[in-house]
1. How far, in nm, would the chain grow between Asp40 and Asp59 when pulled straight, counting 0.36 nm per residue and subtracting the alpha carbon separation?
2. Just want the ordering: Ser84, Ser69, Ser144, Ser101, from fewest to most Cβ atoms lying within 10 Å of their own Cβ.
3. Determine the gain in length on full extension of the stretch Ser129-Arg81; use 0.36 nm per residue of separation and subtract their C-alpha separation, reporting nm with one decimal.
4. Less than 12 Å from a label point 7 Å out along the Cα-to-Cβ axis of Arg92: which backbone N atoms in segment 100-120 qualify, by residue?
Amino acid sequence: MRGRNNFVIGRSHARRIVALVGVLALSVAATPAHAQNLEDFGAYRVRYNALPTDQLLPDVARFYGIVRSRQRGLLNIAVQRNTSGSAADPVRATLDGTATSLGGQSVRLKFREISEDGSVYYISEFPVSAPDTYRFTINVTPESATAPYLLKFNQDFVAD
């Protein structure tokens with residue numbers, strides 16, 4: 001099997017990579033609401049997570065073409081339809097937004113859709129200058145919605 005950048009990987013290795021990325025996606029989906037990585041917008045729920053890309057496993061980063069670095073951040077967003085049961089249905093969406101440091105450095109986020117095993121999530125890389133706090137402002141428009149929902153949150157990035 002060929003990865004995104006045309007390197008060859010075996011099937012079992014590819015399954016492990018997909019499983020590891022699934023863990024990253026689940027970290028967004030499974031973290032409790034009190035951790036402030038969840039926002040409800042009526043019929044929709046948006047889960048999010050931002051982290052330095054050096055925390056990704058090398059094989060996972062390589063498979064998705066993500067640069068591992070303390071100076072790079074990764075924003076992961078999943079949009080779900082709220083349901084009466086415990087499981088929420090994944091929803092495709094259009095996302096547009098910015099990441100802005102406390103010093104006023106702003107970058108427009110470019111999202112990529114990842115669709116695997118019935119899950120849909122969106123990732124975007126951005127430069128980070130740690131230590132700093134970044135303010136994320138994201139317009140989230142689920143595919144069946146008529147207007148965007150505004151997601152705003154802060155994330156601290158620390159220097160090691």
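1. Values: separation 19, 0.36 × 19 = 6.84 nm, distance 3.31 nm.
Value of the extension gain: 3.5 nm.
2. Numbers: Ser84 4, Ser69 14, Ser144 11, Ser101 18.
In order of increasing Cβ crowding within 10 Å: Ser84, Ser144, Ser69, Ser101.
3. On the way: separation 48, 0.36 × 48 = 17.28 nm, distance 3.45 nm.
So the extension gain works out to 13.8 nm.
4. Output list for this probe position: 113-115, 120.
Each value in this text was obtained by applying a stated rule to the coordinates, not by laboratory testing. Remember, it's a predicted structure, so these values are computed and weren't measured experimentally. Ideal geometry is used to build each Cβ from the backbone, glycine not excepted, and the neighbour counts take in all protein chains shown.
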